[in-house]
């Protein structure tokens, strides 16, 4: 299972519908559980850093590393193989503090562009589905 913790308002209907399309296709261990929090609540939650070494925390942030879809799939595969829980963090309008980025296992940038939260959530859902297809040899991802 992959837990996604997202700051900001809950998805607009069109974002939820688009994310749902990818989620319907997912199978274990790629199932997604979403946790939405207000930005203020997310900041407080992350300040306490509720994660353990068992969690593989990926922080989605424009200041992170830009990787390919197969590289992202490899990171998920490695974390699953090690028996770790995968947690993806999508920040609020002001992103994450240096402390959050430093403590995360990986800081992932989609590109040098900045996306609205709904688009970021959709990119994460699509990339998780793509990773599942890459790792299973499915036809979705083309080289």
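The values are calculated or read from the model by the stated rules, or taken from the named source; none is laboratory data. Given the structure is predicted, the values throughout are model-derived calculations rather than measurements. Cβ atoms come from the backbone with ideal geometry, glycine included; neighbour counts cover every protein chain shown.
Might you let me know whether the stretch 8-18 holds any residue that is in contact with a strand residue (DSSP E or B) (Cβ under 9 Å, 6 or more places away or on another chain), in a loop (DSSP other than H, G, I, E, B) and at positive phi? Scanning the stretch 8-18, I find at least one residue that is in contact with a strand residue (DSSP E or B) (Cβ under 9 Å, 6 or more places away or on another chain), in a loop (DSSP other than H, G, I, E, B) and at positive phi, so the answer is yes.
Here are some conditions: (1) more than 26 Å from residue 9 (Cα to Cα); (2) modelled with pLDDT of 95 or more; (3) surrounded by 13 or more Cβ atoms within 10 Å (Cβ to Cβ); (4) out of contact with any strand residue (DSSP E or B) (no Cβ under 6 Å at 6 or more places or on another chain). Residue 29 meets all but one. Which one does it not meet? Looking at each condition in turn, residue 29 falls short on (2). Out of curiosity, is residue 108 modelled with pLDDT of 95 or more, surrounded by 12 or more Cβ atoms within 10 Å (Cβ to Cβ), touching a helix residue (DSSP H, G or I) at 6+ places or on another chain (Cβ under 8 Å) and part of a loop (DSSP other than H, G, I, E, B)? No. Each residue in the stretch 57-66 was checked for being surrounded by fewer than 16 Cβ atoms within 10 Å (Cβ to Cβ) and modelled with pLDDT of 95 or more, and 2 of them qualify. Restricting attention to the stretch 114-143, the residues that are out of contact with any strand residue (DSSP E or B) (no Cβ under 7 Å at 6 or more places or on another chain), under 20 Å from residue 66 (Cβ atoms) and either in a helix (DSSP H, G or I) or free of Cβ contacts under 8 Å to residues at least 40 places away in the same chain (or both) add up to 13. Among residues of the stretch 69-105 being modelled with pLDDT under 95, part of a loop (DSSP other than H, G, I, E, B) and over 11 Å from the mean Cα position of the chain (by Cα), the one that is farthest from residue 14 (Cα to Cα) is 97.
Of the residues making up the stretch 132-143, those that are under 21 Å from residue 2 (Cβ atoms) and either modelled with pLDDT under 90 or under 12 Å from the mean Cα position of the chain (by Cα) (or both) number 3. Applying a threshold of 9 Å to beta carbon distances and a minimum spacing of six or more residues, or different chains, the list of pairs starting in the stretch 52-81 at a residue that is without any contact (Cβ under 8 Å) to a residue 24 or more places away in the chain and at negative phi and ending at one that is crowded, with 18+ Cβ neighbours inside 10 Å and not in a strand (DSSP E or B) reads 74/131; 74/134. Of the residues making up the stretch 80-99, just one is under 17 Å from residue 32 (Cα atoms) and surrounded by fewer than 13 Cβ atoms within 10 Å (Cβ to Cβ), namely 83. What do you reckon, is residue 2 at pLDDT 95 or above and in contact with a strand residue (DSSP E or B) (Cβ under 6 Å, 6 or more places away or on another chain)? Yes, satisfied.
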